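No value in this document is a laboratory result; all are computed from the given coordinates. In this text the structure is predicted, and so the values were computed from the model without any measurement. A quick note on method: Cβ atoms are made from the backbone with ideal geometry, for glycine too, and the neighbour counts reach across all protein chains shown.
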Amino acid sequence: MGKKEKQVKEKPLDKMTATELREVAIEMPEITGASGMNKAELLKVIKKAKGIEDTAKKRESKVSVREIKEKIRELKKKREQCLEEDDKKMADIYRRRISRLKKKTRKAA
């Protein structure tokens, strides 16, 4: 009886962990600085080196997380002022706005 050789399927790049992607990147001579990159950067560089088009749909966030957090800080200051002035209605409005922005940061990350 003949032995059947198992075909080793290569894991898709998107499913690999950052550690696995680093190993792949280190083997490629045209990629430098792989040890300092995160997963997203590694995917981008490896796909570019292999000539693979990035067809993944990216949700373009119009506002960065840093900008959202800055808005949250400003709203918290305004809310504190309203609480000091006993304007509970406006304080509640600012609280809801802060809550919405926090949700946006979680979605953006």
Item to complete: Report the calculated FRET efficiency for Lys103 and Lys11 (r = Cβ-Cβ distance, R0 = 30 Å), to the nearest 0.05.
Response: 0.35
Worksheet entry | Those aspartates and glutamates that a straight Cα-Cα span of less than 17 Å connects to Lys50, excepting residues fewer than 8 apart in one chain | Glu10, Asp14, Glu20, Glu23, Glu27, Glu30, Glu41
Worksheet item: With a ≥ b ≥ c the root eigenvalues of the C-alpha gyration tensor of region 65-108, is it rounded (a/c under 1.5), prolate (a/b larger than b/c) or oblate?
Response: oblate
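Taking a 25 Å limit on the Cα-Cα distance, which of the listed pairs Lys11/Lys48; Lys15/Lys71; Lys44/Lys69; Lys47/Lys71; Lys78/Lys103; Lys69/Lys89 fall beyond it? All intermediate terms of the calculation are to be shown ahead of the outcome.
Numbers: Lys11/Lys48 18 Å; Lys15/Lys71 35 Å; Lys44/Lys69 27 Å; Lys47/Lys71 36 Å; Lys78/Lys103 19 Å; Lys69/Lys89 23 Å.
Violating the 25 Å Cα-Cα cut-off are Lys15/Lys71; Lys44/Lys69; Lys47/Lys71.
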